[in-house]
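These notes are about the structure you will find just below.
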Amino acid sequence: MDYIYLLRHFLATLAFRTQHAVRGAPEDYPEFKAGKNVWTPLRIMNHMTEIVVSTNDVYCGRDAEKMDPLEWEEVIEKFHSALHELDNSLLEADPPGAARILQLFQGPWLDMMTHVGQLMTLRRLAGKPVETEPYYRSNIRVG
């Protein structure tokens, strides 16, 4: 298995887990406040989306631009379309070197996976936890 496929599988896994965290959430979930200075799910999703968009910009040699915050449905859609664009960039652009791949994992990509865990925790705190899923058996497809 080549590392581009592994990177693409990570993006597909991120998309799957994020969708698992937000699908079927209560109507008030995007603005749920768990406590002082705790980000809302909406702020987390905007942050995650900005990370994906910025990563793609940098990967493609463009300057990363600040993204204006979006509403819940828009940011979910933008997040997934941005993941799709990044996936396409991984296929089309020159492959990154090993140092860049490590930077992607230790920085933005694991940051996003941490935020997925926060979304799951906030779902539980909001009173509607997600169903348990054995992720290692999930049908996650690249692309």
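Pull out all pairs, ordered by first then second residue, where Cβ-Cβ is under 7 Å, the residues are six or more apart or on different chains, the first lies in the range 89-106 and is at pLDDT 85 or above, and the second is in a loop (DSSP other than H, G, I, E, B).
As it stands, the answer is 89/60, since those pairs meet every condition given.
Take the residues in the range 28-49 that are free of Cβ contacts under 8 Å to residues at least 40 places away in the same chain and assigned to a helix (DSSP H, G or I); name whichever of them is surrounded by the most Cβ atoms within 10 Å (Cβ to Cβ).
Residue satisfying both the conditions and the ranking: 49.
Identify, from the list 14, 83, 122, the residue that is open to solvent by less than 60 Å² (accessible area, probe 1.4 Å), assigned to a helix (DSSP H, G or I), touching a Leu at 6+ places or on another chain (Cβ under 6 Å) and touching a residue at least 60 places away in the same chain (Cβ under 8 Å).
Result: 83 is the single residue among 14, 83, 122 that is open to solvent by less than 60 Å² (accessible area, probe 1.4 Å), assigned to a helix (DSSP H, G or I), touching a Leu at 6+ places or on another chain (Cβ under 6 Å) and touching a residue at least 60 places away in the same chain (Cβ under 8 Å).
Is there a residue in the range 34-45 that is of a type in the set (Ser, Thr, Tyr), in contact with a Phe, Trp or Tyr (Cβ under 9 Å, 6 or more places away or on another chain) and under 14 Å from residue 113 (Cα atoms)?
no
Condition check: surrounded by 15 or more Cβ atoms within 10 Å (Cβ to Cβ) and either outside any loop (DSSP other than H, G, I, E, B) or among the charged types (D, E, K, R) (or both). Does residue 25 satisfy that?
no
Among the residues of the range 92-119 satisfying the criterion of being acidic (Asp, Glu) and part of a helix (DSSP H, G or I), which is nearest to residue 37 (Cα to Cα)?
Taking the candidates together, the pick is 111.
The values are calculated or read from the model by the stated rules, or taken from the named source; none is laboratory data. Because the structure is a prediction, the values reported are computed rather than measured. Reconstructed Cβ throughout: ideal geometry from the backbone, glycine too, with neighbour counts over all protein chains shown. Just the protein is used for accessible areas: all its heavy atoms, side chains included, with ligands, DNA and RNA removed. Shrake-Rupley method; radii C 1.70, N 1.55, O 1.52, S 1.80 Å.
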